[in-house]
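Accompanying notes for the structure given below.
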Amino acid sequence: MNAPVFRRVLALLGDLRLAILLLLGIAIASMAGTVIEQGQSLSFYQTNYPEDPALFGFLSWRVLLALGLDHVYRTP
């Protein structure tokens, strides 16, 4: 890796805006893990997060499972 590319990557990783965005993402994921019940059965999510009407217009059981919001603290 040559010096200019290395310095650009280092500058990007050291950027305060990136750090704030990452911390905000972690906070949002933690809030989702706190609010949404974790590790329940499929029928639980189908009952409490129906597709019609979806919570907030988009949050249904399919979205929860696809995004891994049923296991926030164990999903990569």
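The values are calculated or read from the model by the stated rules, or taken from the named source; none is laboratory data. Just so it is clear, the structure is predicted and the values come from calculations on it, not from any experiment. Cβ coordinates were reconstructed from backbone atoms using ideal geometry, including for glycine residues, and neighbour counts include every protein chain displayed.
Comparison of 21, 55, 42 shows that the only residue that is surrounded by 10 or more Cβ atoms within 10 Å (Cβ to Cβ), of a type outside the set (Phe, Trp, Tyr), within 24 Å of residue 74 (Cβ to Cβ) and modelled with pLDDT under 90 is 55. For the criterion of being surrounded by 10 or more Cβ atoms within 10 Å (Cβ to Cβ) and either within 21 Å of residue 74 (Cα to Cα) or touching a residue at least 60 places away in the same chain (Cβ under 8 Å) (or both), residue 30 passes. Just so you know, in segment 37-76 the residues that are among the small types (Gly, Ala, Ser) and under 17 Å from the mean Cα position of the chain (by Cα) include one that is nearest to residue 25 (Cα to Cα), and it is 68.
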